[in-house]
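The values are calculated or read from the model by the stated rules, or taken from the named source; none is laboratory data. For clarity, every value in this text was computed on a predicted model and none was experimentally measured. Here Cβ is always computed from backbone atoms with ideal geometry, including for glycine, and neighbour counts include all displayed protein chains.
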Amino acid sequence: MTPDEQQLNSLMQKTIEDIGATFHAPLVLIGDKLGLFVAMDGAGHLTPAELAAQCGVSERYVQEWLAAMATGGYVSYDAAAERFFLTEAQALVLARPNSPCFMAGAFQAATAALKSEPKITQAFLDGRGVGWDEHDDEFYHGAERFYRPNYVANLVANWLPALEGVTDKLTRGANAADVGCGFGTSTILMAQAFPGSTFTGFDSHPPSIAAARTAAAEAGVSGNARFEVCAAENLAPAGYDLITTFDCLHDMGAPDKAARKALAALKPDGTWMIVEPLAGDRLEDNFTPIGRLYYSASVLLCVPGALAQANGTALGGQAGERRLRDIIMQAGFGCFRRVAQTPINLVFEARP
């Protein structure tokens with residue numbers, strides 16, 4: 001059968017764009033690690049020689065790097081002056097770690113995840129999982145840097161206030177658990193905002209817990225934030241006023257058991273806040289750029305990570321509200337509702 005020429009040309013163009021993006025990703029990471037984006041922020045229009053001198057790197061490499069970044073739209077080029085610069089939008093996305101739009105960490109996580117391709121290919125053949133602890137160390141740091149800006153912008157200011165009565169409890173003094181806390185970013189943010197409350201971060205990945213303890217000490221919240229190695233399905237009853245899970249319920253091998261454990265660990269008037277990737281309930285609802293990102297990450301990370309655990313239920317990174325609701329309500333919760341949404345997340349409240 002002769003292919004439709006227009007469709008073929010369109011697909012070929014798309015593959016060229018995607019291959020270019022794949023090659024582009026490590027160059028963004030180079031700019032992030034060497035401080036090239038940061039040096040350009042607010043520096044006006046620069047020549048390659050000026051940027052190289054400012055960062056103490058090779059001019060010839062910077063010259064080629066700037067050309068690649070300008071071609072990709074990540075830096076801007078003044079053709080008349082033959083100089084490069086960052087727009088405000090480019091600076092927010094690439095040069096300012098505290099910006100809610102900062103994305104350099106995502107490139108760090110993505111390029112690290114690519115290194116697991118041989119393991120995932122083998123998993124396709126044998127059906128086994130690939131544990132969260134089996135990925136390149138750079139992945140964990142990149143994931144923390146990717147999620148941090150979103151949590152900084154929304155957790156205390158928007159998500160917690162959207163829960164019924166929770167901020168009042170935290171202000172007065174409450175007992176909270178952050179399950180699947182990773183490097184402890186979310187736990188520390190809450191501990192800083194509510195010094196009268198106690199927060200315990202749990203994660204099954206020992207290196208992450210070690211990093212969280214260090215981060216808590218550096219942030220000065222070791223007095224009301226502590227961290228323990230513990231999987232969600234092993235959470236013990238402790239009369240928590242609040243339990244949180246950030247972007248991790250879908251990664252768990254037994255999300256149904258984790259939900260039952262959360263219910264048993266809460267006070268009768270407690271709250272479970274579940275933050276999950278933005279997803280529609282139908283496959284076609286997720287044919288979007290963010291859906292593509294999350295499905296791809298799910299193949300490399302979420303599904304193999306879940307299958308590596310006991311029980312091995314693999315919800316995937318695009319679980320969607322309906323499936324999450326079913327799991328949580330079947331666990332015995334009496335109330336489940338969506339309370340917030342961002343361009344990359346859905347936020348839910350579950351109550352006994």
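Some observations on this one:
- Each residue in the stretch 332-352 was checked for being surrounded by 16 or more Cβ atoms within 10 Å (Cβ to Cβ) and more than 20 Å from the chain's Cα centre (by Cα), and 5 of them qualify.
- Any hit, the stretch 272-281, residues being within 19 Å of GLY173 (Cβ to Cβ) and at pLDDT 95 or above: yes
- In summary, PHE84 fulfils each of the numbered conditions (1) outside any helix (DSSP H, G or I); (2) without any contact (Cβ under 8 Å) to a residue 40 or more places away in the chain with the single exception of condition (2).
- Qualifying residue in the stretch 79-94 (condition: crowded, with 21+ Cβ neighbours inside 10 Å and closer than 22 Å to THR185 by Cα): yes
- Which numbered condition PHE146 fails, given (1) part of a helix (DSSP H, G or I); (2) buried (at least 21 other Cβ atoms within 10 Å of the Cβ): (2)
- Set VAL62, VAL57: member being in a loop (DSSP other than H, G, I, E, B) and either in contact (Cβ under 8 Å) with a residue 12 or more places away in the chain or of a type outside the set (Gly, Ala, Ser) (or both): VAL57
- Cross-chain or 6+ apart pairs with Cβ under 6 Å, the stretch 109-124 first and loosely packed, with under 15 Cβ neighbours inside 10 Å, then assigned to a helix (DSSP H, G or I) and modelled with pLDDT of 95 or more: none
- Subset of the stretch 178-210 [in contact (Cβ under 8 Å) with a residue 60 or more places away in the chain, of a type outside the set (Ser, Thr, Tyr) and not in a helix (DSSP H, G or I)]: ASP178, VAL179, GLY180, CYS181, GLY182, HIS205
- Conditions (1) surrounded by 15 or more Cβ atoms within 10 Å (Cβ to Cβ); (2) in contact with a helix residue (DSSP H, G or I) (Cβ under 6 Å, 6 or more places away or on another chain): number failed by ALA177: (2)
- Here is the figure for the stretch 166-225: residues that are of a type outside the set (A, V, I, L, M, F, W, C) and closer than 26 Å to ASP136 by Cβ total 17.
- Selection from the stretch 222-232 of residues that are crowded, with 20+ Cβ neighbours inside 10 Å and farther than 17 Å from VAL156 by Cβ: PHE227, ALA231, ALA232
- Residue within the stretch 42-54 that is within 30 Å of HIS135 (Cβ to Cβ) and either assigned to a helix (DSSP H, G or I) or of a type outside the set (Phe, Trp, Tyr) (or both) present: no
Here's the yes/no breakdown for (1) within 18 Å of LEU155 (Cα to Cα); (2) at pLDDT below 95:
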| position | (1), (2) |
| --- | --- |
| ALA217 | no, no |
| GLY220 | no, no |
| ALA236 | no, yes |
| ILE243 | yes, no |
| GLY253 | no, yes |
| LEU266 | no, no |
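- Residue selection: GLU82 fails the criterion of being over 28 Å from LEU307 (Cβ atoms) and in the same structural domain as ASP203 (by TED's automatic domain parsing).
- Some residue of the stretch 318-331 being among the small types (Gly, Ala, Ser), touching a Lys or Arg at 6+ places or on another chain (Cβ under 7 Å) and crowded, with 16+ Cβ neighbours inside 10 Å: yes
- Verdict on ASP168 being without any contact (Cβ under 8 Å) to a residue 12 or more places away in the chain and in the same structural domain as VAL339 (by TED's automatic domain parsing): yes
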